[in-house]
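S.K.: The structure is given below, and queries will be raised subsequently.
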Amino acid sequence: MKDKYKVAVWATGGVGSYAIRTITDRPNLELVGVWVHSDSKNGKDAGELAGIGPVGVRATQDESEILGGEADCIVYAAPAPHRMKEAIGDLCRILAAGKNIVTTSISGLVYPRGSMPVKVTDAIRAAAGAGRSSLFSSGIEPGFGADLFPIALMSMSHKVYSVRGIEITNYSEYPNPYDMRELFGFGQPLDYQGGLKVAGTLRWGWGAAVTMVADSLGVELDQIRETCEFQPTPREIDTAFGLVEAGTVGATRARCVGVVDGVEVITIEHVDRIADDLAPDWPKGRTGGTDGIWRVIIDGEPSIDAEFEVGHRRGESHNDHGLLATGMRAVNAIPWVCEADPGIVDALHIPLTSPVGALHPHRDGVPAF
């Protein structure tokens, strides 16, 4: 590996801003470019856009500056769910230009099969081959919490009968109206049939992660099932994405399930609320928590029930720390992705990407422990 990798960031929303902060903080990474969509951000210092003060790199709307520049890798953090065709086109142009990519934008790319149509993965592989470049897609979920975390836990298993990874989140502070209302369905009538209820949507997002878990066990799935349920809020709730009226969707429970011989054996499940008291009978953390929790339940020998919580300190935002964790799954993988063979890289085939230079033994002058 090289001593330092040159990195550009594509889009400066939540994940992109965290990526800029981290890249400028790491001894083995150097920020060399930032692409932005907004006219208001064009020409501004990347550090100011990320909230850390000037870093000497100006944002640009001219993608040729990024594609023709010196970056070894691009952190692609542009939104994708509502512009999937355009996002895939972006990825192919970047790869064909010889730039490696780490991304959190398209969850279906966390594993080469299980979600994306073959024509899409073939196009990405062709672009990567032309540019001798690699792509790694990850995040906190999919990418870790309900797939790589269970795989790590199953390294302790003698027998596995079933494995279930659950994301448990309160989304009231997430300021993205499209994702929250159109995709998840919050604030919609209970008979809403868009977003997660559309056949194929859950498989598109999580099928790759379910397949990765299956492949780690050497299992070929017979099918992948999808289910999605809603529960209403009994009162109106003010959220970061707007007011949610009483009687509309206040909690969602979505499942993507791998089936073998008619038995549900591998499940990725999201239980999402906009208030902690909603859907009281749906899964919670081991101690009753309803936000920022990823829980894994393995029925096997031994049986295992484990979880982790992001943003667990008093006063910390689960939403902010979740975005940070999502971005770091990509940023911390940059050296390994740059050294990988051309193509689509996945979490089963690169090392656990410990963050070089991330250890700070003191927190604001106070020992960490």
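S.K.: Within the range 219-269, which strands (runs of 3 or more DSSP E) (wholly inside it) include 3 or more residues that are over 19 Å from Ala199 (Cβ atoms) and either among the polar types (S, T, N, Q) or touching a strand residue (DSSP E or B) at 6+ places or on another chain (Cβ under 9 Å) (or both)?
M.R.: Counting at least 3 such residues, we get 237-239, 249-260.
S.K.: Return the only residue of Trp204, Trp282 being within 25 Å of the chain's Cα centre (by Cα), assigned to a helix (DSSP H, G or I) and not polar (S, T, N, Q).
M.R.: Trp204
S.K.: Next up: Kindly indicate whether Val296 is assigned to a strand (DSSP E or B), at pLDDT 95 or above, of a type in the set (Val, Ile, Thr) and over 20 Å from the mean Cα position of the chain (by Cα).
M.R.: No: the conditions fail for Val296.
S.K.: Any residue in the range 203-213 that is polar (S, T, N, Q) and touching a helix residue (DSSP H, G or I) at 6+ places or on another chain (Cβ under 9 Å)?
M.R.: No, because not a single residue in the range 203-213 is polar (S, T, N, Q) and touching a helix residue (DSSP H, G or I) at 6+ places or on another chain (Cβ under 9 Å).
S.K.: Can you pull out every residue in the range 122-165 that is open to solvent by less than 40 Å² (accessible area, probe 1.4 Å), among the hydrophobic types (A, V, I, L, M, F, W, C) and over 23 Å from Ser105 (Cβ atoms)?
M.R.: Leu153, Met154, Val163
S.K.: Report, ordered by the first and then the second residue, all pairs with beta carbons closer than 8 Å, sequence separation of six or more or different chains, a first member in the range 276-287 that is within 20 Å of Pro234 (Cβ to Cβ), and a second member that is open to solvent by less than 90 Å² (accessible area, probe 1.4 Å) and small (Gly, Ala, Ser).
M.R.: That search, which allows pairs on different chains as well, returns Leu278/Gly250; Leu278/Ala251; Ala279/Gly250; Ala279/Ala251; Trp282/Ala251.
S.K.: Can you work out which of the residues in the range 44-76 that are in a loop (DSSP other than H, G, I, E, B) and open to solvent by less than 50 Å² (accessible area, probe 1.4 Å) is nearest to Leu109 (Cα to Cα)?
M.R.: That would be Asp72.
S.K.: Within the range 189-196, identify whether any single residue is open to solvent by 30 Å² or more (accessible area, probe 1.4 Å), out of contact with any Ser or Thr (no Cβ under 9 Å at 6 or more places or on another chain), assigned to a loop (DSSP other than H, G, I, E, B) and within 22 Å of Trp282 (Cα to Cα), and answer yes or no.
M.R.: yes
S.K.: Considering the range 97-113 alone, what residues qualify as being over 22 Å from Ala325 (Cα atoms) and open to solvent by 20 Å² or more (accessible area, probe 1.4 Å)?
M.R.: Ala97, Gly98, Pro112, Arg113, listed by residue number.
S.K.: Take the residues in the range 12-30 that are of a type outside the set (D, E, K, R) and over 15 Å from Thr326 (Cα atoms); name whichever of them is surrounded by the most Cβ atoms within 10 Å (Cβ to Cβ).
M.R.: Leu29
S.K.: Among the residues of the range 81-96, which ones are surrounded by 13 or more Cβ atoms within 10 Å (Cβ to Cβ) and more than 23 Å from Pro342 (Cα to Cα)?
M.R.: Those that are surrounded by 13 or more Cβ atoms within 10 Å (Cβ to Cβ) and more than 23 Å from Pro342 (Cα to Cα): Pro81, Arg83.
S.K.: Within the range 35-43, does at least one residue satisfy the condition of being open to solvent by less than 60 Å² (accessible area, probe 1.4 Å), at pLDDT 95 or above and under 30 Å from Trp206 (Cα atoms)?
M.R.: Looking through the range 35-43, at least one residue is open to solvent by less than 60 Å² (accessible area, probe 1.4 Å), at pLDDT 95 or above and under 30 Å from Trp206 (Cα atoms).
S.K.: If you don't mind, there's one more thing I want to ask. Any residue in the range 337-353 that is part of a strand (DSSP E or B) sitting within a Cβ distance under 6 Å of a residue that is modelled with pLDDT under 95 and crowded, with 17+ Cβ neighbours inside 10 Å? List the pairs, counting only those 6 or more apart or interchain.
M.R.: Ile344/Pro112
S.K.: Anything in the range 302-319 that is among the charged types (D, E, K, R) and surrounded by 12 or more Cβ atoms within 10 Å (Cβ to Cβ)? List them, or say none.
M.R.: Asp305, Glu307, Glu309, Glu316
S.K.: Out of Leu352, Leu323, which single residue is over 17 Å from Val7 (Cβ atoms), open to solvent by 60 Å² or more (accessible area, probe 1.4 Å), at pLDDT below 95 and of a type in the set (A, V, I, L, M, F, W, C)?
M.R.: Of the residues listed, the single one that is over 17 Å from Val7 (Cβ atoms), open to solvent by 60 Å² or more (accessible area, probe 1.4 Å), at pLDDT below 95 and of a type in the set (A, V, I, L, M, F, W, C) is Leu352.
The values are calculated or read from the model by the stated rules, or taken from the named source; none is laboratory data. Every value quoted in this text rests on a predicted model; they were computed, and no experiment measured them. Neighbour counts run over all protein chains shown; Cβ positions are idealised from the backbone, glycine included. To get the accessible areas, we keep the full protein, side chains included, count just its heavy atoms, and leave off ligands, DNA and RNA. Shrake-Rupley method; radii C 1.70, N 1.55, O 1.52, S 1.80 Å.
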